[in-house]
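Working notes, structure below.
Derivation of every value follows stated rules applied to the coordinates shown; laboratory data play no part. All of these numbers come straight from a predicted model, not from anything done at the bench. We place every Cβ from the backbone using ideal geometry, glycine too, and count neighbours over all the protein chains shown.
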């Protein structure tokens, strides 16, 4: 073998060893066996899922001291810091966690990591262990994963199979609707209301509202109570309330996604309440003129508007008795028999 050939062979073998070393050095740690520890709805509403995985890594993967943990004035320990990044199927960072390892010591055991954000697309998650110099991750949540640091190990896992919440958040663009709106009063006749009576709207929406709706009723800012999808609004009839069918307006209501509903001014079941602040008046007449010895004396009562609850017991007659009481609405009649 010539010296020149021998030199080239050695150089080739050295280059091959360097390539092999580089390939193994990039991902020399083993990550496997991912399982769910704590279900935090996979990043929904700023919550986090806690997962764990098995890690196997030789001490050569922890060659440096990135920080020193001081336990007391006389005792401290070195750590080589690794960042565990979780990315979704679109390579977007949805979780990150820093962990320190003893420099130069093998590690074979469980590590914990977190998912802090819902994935942007469906698909498997990827866990990567990256060698960084401190506990502040270089890549922020929501950014695409890209690093010049060493990725020592990685594994892909089906997070949705471990936690069904680990899927892209659904976008809600549907506004809430008032699916049921009814109106009534606390009057003996719930379709009527006089001064001092309470008129109430009962409202049911197609989904939970983020806050109470704004309601005007009888020309007033109504008192609104309720929660979720069920609400009620009420107002009192005053001396200045117009005498007409009660009017209302339901507005400024939104769902949790801030979708705004449309203003509602009518009931869903055609219910209504008539405001009547005027007392009925009555006129009494008879076909018999006095003085008379006619017995019994027929009497008629006419009201200015229909009334209810008028009965013979409401009459007060002096020197006679009442019989044959009848009638309804605006017209009533009865007989008066004079006393002997």
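Annotations for the structure displayed:
- Cα gyration tensor shape for the chain, rounded if a/c is under 1.5, else prolate or oblate: prolate
- Mean Cβ neighbour count within 10 Å, used as a protection proxy, ranking 111-123, 76-88 highest first: 76-88, 111-123
- Distance from the C-alpha centroid of the range 277-293 to that of the range 294-340: 9 Å, rounded to the whole angstrom.
- In whole angstrom, the range 258-316 maps to an equivalent ellipsoid with semi-axes of 49, 11, 9, each derived as √(5λ) from the alpha carbon gyration tensor and ordered largest first.
- Principal-axis tilt of helix 3-26 within the chain, Cα atoms, nearest 10 degrees: 20
- Square roots of 5 times each gyration tensor eigenvalue, C-alpha, the range 223-295, largest first, Å: 51, 12, 11
- Peptide packing for 155-163, 276-284 was compared via the average number of neighbouring C-beta atoms within 10 Å per residue; ordered from the highest value, the list is 155-163, 276-284.
- Debye log10 I(q)/I(0) for the range 55-207, one point scatterer per Cα, at q = 0.09, 0.11, 0.15 Å⁻¹: -0.49, -0.59, -0.86
- Pairwise alpha-carbon distances in the range 242-340 exceed 25 Å for 49% of all pairs.
- The range 27-132: Rg to Rh, with Rh as the Kirkwood radius over Cα pairs: 1.03
- Here the sum of -39500 (n - 2.57) over DSSP H runs of 4 or more residues, divided by the residues of the chain, equals -2500 deg cm²/dmol at 222 nm, to the nearest 500.
- Zero-based 5 Å bins, Cα pair distances in the range 169-208, whole percents: 6, 20, 19, 13, 11, 11, 8, 4, 5, 3, 0
- Over the range 95-140, all Cα pairs binned in 10 Å intervals from 0 give whole-percent P(r) values of 19, 50, 26, 6, listed from short to long.
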